[in-house]
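Chemist: Just dropping this structure here.
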């Protein structure tokens with residue numbers, strides 16, 4: 001299946017099969033902030049076409065992993081920095097129409113093509129949780145289901161998701177968790193929100209990393225890792241992350257915390273600060289909650305791909321019939 005997610009710097013897609021086996025990837029670069037929805041849908045359809053190629057007819061579904069506030073059940077973006085809008089936008093039906101128009105091979109299976117919208121943080125959490133990530137149950141007695149709290153820090157914004165037994169996922173607005181009640185006012189109405197300190201622009205500014213919008217992802221990560229290794233700010237920033245982790249763990253009681261993206265770099269640079277935060281939590285000590293940094297390189301695509309394949313996994317018989325349907329793929333973005 002193809003997987004991709006919109007970012008201000010472009011789109012990334014991957015085609016995945018059963019078992020989260022990746023078949024192909026494709027990228028389209030270009031700034032997408034503030035574009036009209038129909039332009040974004042066309043870009044999405046193009047990168048799906050790039051990654052599916054002539055095999056579009058074998059696509060089970062497309063899952064779009066998107067940064068912003070979503071109503072996943074309705075396939076609607078509620079607010080988005082990428083589209084620079086605060087009014088709701090229905091995505092799945094409109095995108096379905098564009099995909100079928102742009103990829104004629106899908107036209108014969110429109111009744112079965114599955115299009116889904118998901119938070120990028122949820123997709124990242126699922127990618128880390130499910131087979132191919134760290135989804136195996138780590139408890140020998142399997143008395144309770146493995147639960148994972150994934151916290152991701154990207155170039156723009158923060159996200160989190162709680163992944164429970166059987167991959168059930170709940171998105172969390174962790175960027176607006178207050179870690180400094182006397183801190184600056186946040187646009188959300190609260191003060192001292194985590195995003196004001198550890199969101200991509202704030203984190204890179206505190207560390208003196210320039211040109212954050214112009215650097216490609218690998219270069220940005222290298223620059224940030226170098227800055228974290230030498231900056232006197234690293235410990236203070238890690239302590240703020242620790243406050244957020246402790247508060248969330250105390251409320252939700254996960255078995256494991258995974259830190260990805262820019263927050264993974266921060267945690268690797270100051271692991272003692274994260275250890276101290278969990279050691280101070282009675283809930284973490286009682287449950288034996290541990291933490292790690294992300295281990296799946298394309299967790300977002302892999303997690304979204306799993307969601308795109310879900311209709312096939314739920315009802316395999318639906319996909320029997322044509323020879324072309326024998327080994328379906330799914331598209332996730």
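The values are calculated or read from the model by the stated rules, or taken from the named source; none is laboratory data. Computed from a predicted structure; not experimentally measured. Virtual Cβ from ideal backbone geometry, glycine too; neighbours counted across all protein chains shown.
Chemist: Residues that are assigned to a helix (DSSP H, G or I) and touching a helix residue (DSSP H, G or I) at 6+ places or on another chain (Cβ under 9 Å): does segment 291-300 have at least one? Don't jump to the end; show me each part of the working.
Modeler: Step one: list which residues in segment 291-300 are assigned to a helix (DSSP H, G or I), which gives 299-300.
Subsequent filtering for residues that are touching a helix residue (DSSP H, G or I) at 6+ places or on another chain (Cβ under 9 Å) retains 299-300.
Within segment 291-300 (the criterion being assigned to a helix (DSSP H, G or I) and touching a helix residue (DSSP H, G or I) at 6+ places or on another chain (Cβ under 9 Å)), the answer is yes, since at least one residue qualifies.
Residues checked against (1) under 21 Å from residue 180 (Cα atoms); (2) surrounded by 21 or more Cβ atoms within 10 Å (Cβ to Cβ):
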| residue | (1), (2) |
| --- | --- |
| 230 | no, no |
| 234 | yes, no |
| 239 | yes, no |
| 242 | yes, yes |
| 245 | yes, yes |
| 262 | yes, yes |
| 267 | yes, yes |
| 286 | no, no |
| 295 | no, no |
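Chemist: Still on this structure, please answer the following. Quick check on this structure: which one of 89, 70 is surrounded by fewer than 21 Cβ atoms within 10 Å (Cβ to Cβ) and at pLDDT 85 or above?
Modeler: Values: 70 fails: surrounded by fewer than 21 Cβ atoms within 10 Å (Cβ to Cβ).
Matching residue, one of 89, 70: 89.
Chemist: Hey, another quick one. When only residues in segment 54-67 that are over 18 Å from the mean Cα position of the chain (by Cα) and either at pLDDT below 80 or within 22 Å of residue 156 (Cβ to Cβ) (or both) count, which is surrounded by the fewest Cβ atoms within 10 Å (Cβ to Cβ)?
Modeler: Only one residue tops the list, namely 54.
Chemist: Now a separate question. Within segment 18-48, restricting attention to residues that are within 21 Å of residue 112 (Cα to Cα) and crowded, with 19+ Cβ neighbours inside 10 Å, which residue is modelled with the lowest pLDDT?
Modeler: Checking each candidate, the answer is 20.
Chemist: If I go through segment 147-173 residue by residue, how many of them are closer than 25 Å to residue 228 by Cα and more than 13 Å from the chain's Cα centre (by Cα)?
Modeler: Just the residues of segment 147-173 that are closer than 25 Å to residue 228 by Cα, to begin with: 149-160.
Keeping just the survivors that are more than 13 Å from the chain's Cα centre (by Cα) gives none.
Residues meeting the conditions: 0.
Yes/no per residue for (1) within 19 Å of residue 260 (Cα to Cα); (2) at pLDDT below 90; (3) surrounded by 15 or more Cβ atoms within 10 Å (Cβ to Cβ):
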position: 149; (1), (2), (3): yes, no, yes
position: 166; (1), (2), (3): no, yes, no
position: 170; (1), (2), (3): yes, yes, no
position: 173; (1), (2), (3): yes, yes, yes
position: 183; (1), (2), (3): no, no, yes
position: 212; (1), (2), (3): yes, yes, yes
